[in-house]
Structures are given as C-alpha cells and as structure tokens.
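Before any comments, here is the structure.
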Amino acid sequence: MKITETDSRKTRLESILRNEIIPKLEAIMGPIKESCIETLMENCKLKAVIKDQYIEEGGSFEDGNMHYLHSGIARSCYYDPDIDKPIVSRIWKKQEVMFDVNSFVNSGIRTEAIQMLEDGELISISYYSLKHILETYPKMLLLLLYLQAEREKHNKFYQHLLKLTVEERVRLYLNDNPTLCNRINKDCIALHLGISRSKFSSAYTLYKQQKDTQTA
C-alpha cells in the first residue's frame, strides 16, 4: 500500500504528540485517557512554516490558535502608536506553547501577531477544537492554569529586565539564550529588550569580551 504525504504527516504528528507533548501534559495534570489523546490527534495539525511567515494575526479570539513550536524561533509583536514603533513582546523557542490565554478565557481581542524568525515546524489547534477538548475533558483545564502562571512568571521577569541597565539587560538575556544571536537578526533582540540597535551592539561587544575573558 502506497504511503501518502498525508499518512506520513499523521504518523509524524502522532509520534510528536505521544513522545514529546503528552509526557509534558501528564507531568502537569497526571495520566491522560487514550480517548483524549486520540481526540488531540484528530484535532491538531502539523505544519511546516518558513522564515518571516506570519502564523497568527491580531483579531477575534475565535480566530486564535494554540501553537506548539516543535522547531524554529518565532516572535510575538504589535505596533504601539503612542511611540510609533513595533514592540517585540516575546521571542519563542522550540517546545514552547504560543497561546493568548487571556483572549481565550475572557473572549478578548488578540492584539499581537506571531511571526517566524527561521524555518520550523509547529502543531496547531484551533479555538473551537481546543474549547471542545476542554469541555469534553475538564482535566485539561489545568493546562490553561499552567500556561497562565507561566505567562505571569515570564512577564514579571521581562518587566524586571526592562528596569536594568542596557548592559545588564543584554548580559542577563543572552546568558539565558546563548545561541540566539547566531540564529536571528539582532535588531529583533534589541527591540525585545527595548533598546536601540547601536546600544545593543555596544553592549553585545562588551558581553562577548567578558565571555572571552571568563573562558580564557
């Protein structure tokens, strides 16, 4: 029997779900029923994405998706008219879940877009499919609580980061993300850290000098 591209994609989706995602979910909420796993496989989609592609636009909560970034790097961004420039609110890495919890829970408008910064692969589930799963398997609501707590923790760290000096921001952020500068445009990192490209370059040069001294 000939194996089609669709069959191959379904097989790969199941492999990622069972070997990578389900263990993470069970660490949060305990054992998951096989029927729930099968429902997830039926409602999730595995997608190949390319650099610069927008995988999510701002808009209605009903048009939102939950994305599991299996590989690649992405950014969440929006335009701030008060300062007349784009804001990069978060840079996402593989195995992170990109999801507007507030919009989903409170039916609010999504203000951010999500753009890929390099080629990658993700697993997506739509608003209505996710809602159906949460209604059918209430235990899965623990995932929303986990994601909400994770977002609050990240936002607290990010606000602390923005209060530091330029040099401290760059050092602390790159210590947590040591390979990022080799993979994406440094302008994006500078925007995320709320500093100009020239100031980032100066701070980055100092950061590398300090790293070289430590390893000498």
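Here are the numbers:
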| quantity | calculated |
| --- | --- |
| Test: I83 is hydrophobic (A, V, I, L, M, F, W, C), at pLDDT below 95, more than 12 Å from the chain's Cα centre (by Cα) and more than 20 Å from Y146 (Cβ to Cβ) | yes |
| Residues (aliphatic (A, V, I, L, M) and part of a helix (DSSP H, G or I)) located in the stretch 19-43 | I21, I22, L25, A27, I28, M29, I37, L40, M41 |
| Considering residues of the stretch 127-166 that are open to solvent by 90 Å² or more (accessible area, probe 1.4 Å) and among the acidic types (D, E) only, the residue farthest from V97 (Cα to Cα) | E135 |
| Search result, residues across the stretch 30-86 that are basic (K, R) and either out of contact with any Ser or Thr (no Cβ under 7 Å at 6 or more places or on another chain) or within 25 Å of C181 (Cβ to Cβ) (or both) | K33, K51, R75, K85 |
| Scan of the stretch 48-68 for residues that are within 15 Å of I125 (Cβ to Cβ) and touching a helix residue (DSSP H, G or I) at 6+ places or on another chain (Cβ under 9 Å), ordered by number | E56, F61, E62, D63, G64, N65, M66, Y68 |
| Residue match in the stretch 57-64 (condition: surrounded by fewer than 20 Cβ atoms within 10 Å (Cβ to Cβ) and closer than 23 Å to Y173 by Cα) | no |
| Candidate set from the stretch 108-126 (those that are surrounded by fewer than 18 Cβ atoms within 10 Å (Cβ to Cβ) and modelled with pLDDT of 95 or more); member that is farthest from the chain's Cα centre (by Cα) | S126 |
| Among (1) assigned to a strand (DSSP E or B); (2) open to solvent by less than 30 Å² (accessible area, probe 1.4 Å); (3) in contact with a helix residue (DSSP H, G or I) (Cβ under 7 Å, 6 or more places away or on another chain); (4) not small (G, A, S), the one test that R75 misses | (2) |
| Selected residue [part of a strand (DSSP E or B) and either over 11 Å from the mean Cα position of the chain (by Cα) or within 27 Å of D187 (Cβ to Cβ) (or both)] from V88, V105 | V88 |
| The stretch 167-180, residues that are of a type outside the set (A, V, I, L, M, F, W, C) and either open to solvent by 20 Å² or more (accessible area, probe 1.4 Å) or part of a helix (DSSP H, G or I) (or both) | E167, E168, R169, R171, Y173, N175, D176, P178, T179 |
| Matching residues in the stretch 96-131 - criterion: being among the polar types (S, T, N, Q) and touching a strand residue (DSSP E or B) at 6+ places or on another chain (Cβ under 7 Å) | S103, T111, Q115, S124, S126 |
| Residues (within 17 Å of I91 (Cα to Cα), β-branched (V, I, T) and not in a loop (DSSP other than H, G, I, E, B)) located in the stretch 181-216 | I189 |
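The values are calculated or read from the model by the stated rules, or taken from the named source; none is laboratory data. As the structure is a prediction and not an experimental result, all values here were calculated from the model. Positions of Cβ are generated from backbone atoms using ideal geometry, with glycine treated the same way; all protein chains shown enter the neighbour counts. Surface areas here come from the heavy atoms of the whole protein model, side chains and all, with no ligands, DNA or RNA. Shrake-Rupley method; radii C 1.70, N 1.55, O 1.52, S 1.80 Å.
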